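Read the structure below first, then the notes.
The values are calculated or read from the model by the stated rules, or taken from the named source; none is laboratory data. No experiment lies behind these values; they were computed from the predicted model shown. Cβ placement follows ideal geometry from the backbone for every residue including glycine, while neighbour counts extend to all protein chains displayed. Protein only, heavy atoms only, side chains kept; ligands, DNA and RNA dropped before computing areas. Shrake-Rupley method; radii C 1.70, N 1.55, O 1.52, S 1.80 Å.
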There are 2 protein chains.
Amino acid sequence: MSTLTVSDVARESGVSGSAVRFYERQGLITAGRTSGNQRRFGPEAACRVRVARVAQRIGLSVGEIRELLAALPPDPEPADWQALHERLTAEAEQRIRELHAALDDIRSGRKLCEL
Amino acid sequence: MSTLTVSDVARESGVSGSAVRFYERQGLITAGRTSGNQRRFGPEAACRVRVARVAQRIGLSVGEIRELLAALPPDPEPADWQALHERLTAEAEQRIRELHAALDDIRSGRKLCEL
DNA sequence: CTAAAACTGAAACAAATGTTTAAGTCAAGG
DNA sequence: CCTTGACTTAAACATTTGTTTCAGTTTTAG
């Protein structure tokens, strides 16, 4: 059942209305339409937006997040959540490794010019 | 003595010529000019660009890098390098901490929607 | 029924980080 | 000298992640 308006989702997920529309355009969330062409979201929409924000903290782009969320059904089962967790965790660890590598370079004692 | 051309600096620092001009416009490096108005860089320019690339790996913006490099004289003394090392290291550690915080949230066991 | 609040798409704007293109100038080698 | 490759500025373009504005439409509460 799609009952939530743009501003409902915005309020529940903590982003702006324009961001909600943007995310729909980008395929991170999907919406039905009223007879008057207004968007109506299911209750999972706000959740997906929150997941998207978490993924953004990790450094994923909207395109990457779209692919991530593409694997998340409207009504996810525990296995879906688990897969998402693993992918997000792996991404975060990857970025952390990259930063550590940069840090190790900085600390290597070599001149910064020679990195 | 300023003898290096744009493409010299580009080659030595591993960035494109347009990036070298961009960095000069942004104040990361400075250049003299020939009588014919062409840029000529000192030997430290390529080094500064390399430092800038390291800082970018850490996630600093060009504006932040400008401020970082503003504290680096054309012919830096060991203390200058040390200060730069410390600032870069602190920034990297900060970003790593932020990622760890995100990772901890993800692993907290709470639903991703509730972060 | 009506007035206010929320919604619509399209397009312009914004900031960051460069790249590309155009038309023209300079420098270096033979 | 003269050709060729490198240089110049300015502006347009590209991408990302949205925000703002416009003019008009829909929904909702009273």
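Screening residue A:15 with (1) under 11 Å from the mean Cα position of the chain (by Cα); (2) part of a loop (DSSP other than H, G, I, E, B) gives one miss only, at (1). Applying the set (1) open to solvent by 60 Å² or more (accessible area, probe 1.4 Å); (2) at positive phi to residue A:30 leaves exactly one unmet item: (2). Among the residues of region B:97-115, is any at the interface with another protein chain (Cβ under 7 Å from one of its Cβ atoms), open to solvent by less than 80 Å² (accessible area, probe 1.4 Å) and outside any helix (DSSP H, G or I)? Among the residues of region B:97-115, at least one is at the interface with another protein chain (Cβ under 7 Å from one of its Cβ atoms), open to solvent by less than 80 Å² (accessible area, probe 1.4 Å) and outside any helix (DSSP H, G or I), which makes the answer yes.
Can you confirm whether region A:50-71 contains a residue that is within 16 Å of DNA strand C (Cβ to nearest atom), within 14 Å of chain B (Cβ to nearest Cβ) and either in contact with a Leu (Cβ under 9 Å, 6 or more places away or on another chain) or not hydroxyl-bearing (Ser, Thr, Tyr) (or both)? Yes, that holds for at least one residue. Within region B:12-26, being under 18 Å from residue A:113 (Cα atoms), more than 9 Å from DNA strand D (Cβ to nearest atom) and more than 14 Å from chain A (Cβ to nearest Cβ) holds for B:16, B:19, B:23.
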